[in-house]
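**Student:** The structure that follows is given in the form of C-alpha cells.
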Amino acid sequence: MFLCLQEPGGKMGERVKIQPSDVVIMCSKSGKLTSSLVRYRCEKCLPPSVDKQCLLLSDSYSEQNDTEIYQNIPSKSIQRIMIPKNTTCDIQPLDRYFNRQMKILIKRLYHHVAIEKIDINLWKRNNIVKLISLVHNQLSSSKFNKMIQYSWYCSGYSKVNPSPFQNVEVCFPPTASIELCEKKRALKQASLPVPFVRRNFLSIISLFNIIFIER
C-alpha cells in the first residue's frame, strides 16, 4: 500500500515515527502524487507485488504518463495501459467497487471513535498510518477475494460474475460488541503479518466495534 500524506513543507516531519512493512509512506505539499513520487511508488511497490511480466492498468493522471517510469524497474517487464480520460468511473476496477468498500471501512472506524467519544486522535499522522495498514491487512483476507474479482467483472474485464460475495459489511455484524472484539483479539494478533505491526495495533484495534477477519 502506497500512502501519500499532505505536508506543508513537502517533507516528512518528525511526527511520523512508524513504518509498517505493508505501507510505503511518502508526502507532498498537496497530498497528491508528483512524477517523482509515481516513480518512487513503482520502484518500491511494484517489484514485490507483481510477476516478472506485468500488465499495469492505470488512469490518465498526468504525473504517471511518462512511459520511461515503467521501463526502468529492475527484473520486471511492465506494460502499462492507460484508462482513457472521463472513463475512470466506468472501467477503473478500483473506482467501480473496491475503493468504495475501503472508504466505508475507514469511515465506520472514524464514526465509531467519534460516537463513542473514544480518546484517540485519528487525524494524527501515526494513527493514520496505523489505520491504513490495518485496513490493508483486513482487505487482504481471502474472504474478500471474490469482492475484488467483482471489481474487475463490473468494469468489463472479466466475464465471470463471482457473486455472491462478502463485502466489508461482514466486519460489522449487528451483534458485534466490545466483549466479542476482545475475544477476537488473539485471532487478530495471529493474523497480523509482522511483530512490529502487532505491537502498534494492539493498542488501537480493541477500540473499534468490529469483527476482525482471519486472513
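**Student:** Any residue that is of a type in the set (D, E, K, R), loosely packed, with under 13 Cβ neighbours inside 10 Å and under 12 Å from the mean Cα position of the chain (by Cα) - is there at least one of those in the range 122-139?
**Tutor:** no
**Student:** Identify the single condition in (1) among the small types (Gly, Ala, Ser); (2) in contact with an Asp or Glu (Cβ under 7 Å, 6 or more places away or on another chain); (3) more than 23 Å from ASN99 (Cα to Cα) that SER35 does not satisfy, given that it satisfies every other one.
**Tutor:** (3)
**Student:** Return the only residue of ARG100, ARG80, ARG41, ARG96 being modelled with pLDDT of 90 or more, closer than 30 Å to ASN167 by Cα and touching an Asp or Glu at 6+ places or on another chain (Cβ under 8 Å).
**Tutor:** ARG96
**Student:** May I ask you to verify whether ILE118 is aliphatic (A, V, I, L, M), over 28 Å from SER158 (Cα atoms), in contact with a Phe, Trp or Tyr (Cβ under 9 Å, 6 or more places away or on another chain) and at pLDDT below 90?
**Tutor:** So ILE118 passes the test.
**Student:** OK, next. Looking only at the range 110-131, which residues are hydrophobic (A, V, I, L, M, F, W, C) and out of contact with any helix residue (DSSP H, G or I) (no Cβ under 8 Å at 6 or more places or on another chain)?
**Tutor:** Correct list: ALA114, ILE115, TRP123, ILE128, VAL129.
**Student:** Please state which of the following conditions LYS85 fails to meet, knowing it meets all the rest: (1) of a type in the set (D, E, K, R); (2) more than 17 Å from ILE148 (Cα to Cα); (3) free of Cβ contacts under 8 Å to residues at least 12 places away in the same chain.
**Tutor:** (3) is the only condition that LYS85 fails.
**Student:** Touching a Leu at 6+ places or on another chain (Cβ under 7 Å) and basic (Lys, Arg): is that true of LYS76 in this structure? Reasoning before the result, please.
**Tutor:** Values: touching a Leu at 6+ places or on another chain (Cβ under 7 Å): yes; basic (Lys, Arg): yes.
Yes, satisfied.
**Student:** Which is touching a residue at least 40 places away in the same chain (Cβ under 8 Å) and charged (D, E, K, R), of LYS107, LYS124? If you could, list the steps in order and put the result at the bottom.
**Tutor:** Details: LYS107 fails: touching a residue at least 40 places away in the same chain (Cβ under 8 Å).
One residue alone meets the criteria, LYS124.
**Student:** Residues LYS159, LYS107: which one is charged (D, E, K, R) and either under 21 Å from SER28 (Cβ atoms) or outside any loop (DSSP other than H, G, I, E, B) (or both)?
**Tutor:** Only one candidate qualifies: LYS107.
**Student:** Another one. Looking only at residues in the range 8-29 that are loosely packed, with under 14 Cβ neighbours inside 10 Å and within 21 Å of LEU131 (Cβ to Cβ), which one is nearest to the chain's Cα centre (by Cα)?
**Tutor:** Only one residue fits best here, namely SER21.
**Student:** Same structure again: I need the full set of residues from the range 61-118 which are of a type in the set (Lys, Arg) and surrounded by fewer than 15 Cβ atoms within 10 Å (Cβ to Cβ), in order please. Steps first, please.
**Tutor:** First, the residues of the range 61-118 that are of a type in the set (Lys, Arg): 76, 80, 85, 96, 100, 103, 107-108, 117.
Of everything in the range 61-118, those that are of a type in the set (Lys, Arg) and surrounded by fewer than 15 Cβ atoms within 10 Å (Cβ to Cβ) turn out to be LYS85, ARG100, LYS103, LYS107, LYS117.
**Student:** Kindly indicate the residue of the range 162-189 that is within 20 Å of the chain's Cα centre (by Cα) and either among the β-branched types (Val, Ile, Thr) or part of a helix (DSSP H, G or I) (or both) and also modelled with the highest pLDDT among those meeting that condition.
**Tutor:** VAL168
For every residue, the table says whether it meets (1) among the hydrophobic types (A, V, I, L, M, F, W, C); (2) at negative phi; (3) under 20 Å from the mean Cα position of the chain (by Cα).
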position: LEU33; (1), (2), (3): yes, yes, yes
position: ARG39; (1), (2), (3): no, yes, yes
position: GLU43; (1), (2), (3): no, yes, yes
position: SER49; (1), (2), (3): no, yes, yes
position: LYS52; (1), (2), (3): no, yes, no
position: SER58; (1), (2), (3): no, yes, yes
position: GLU63; (1), (2), (3): no, yes, no
position: ASP66; (1), (2), (3): no, yes, no
position: ILE69; (1), (2), (3): yes, yes, no
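The values are calculated or read from the model by the stated rules, or taken from the named source; none is laboratory data. As the structure is a prediction and not an experimental result, all values here were calculated from the model. Here the Cβ is made from the backbone with ideal geometry for all residues, glycine too, and neighbour counts use every protein chain on show.
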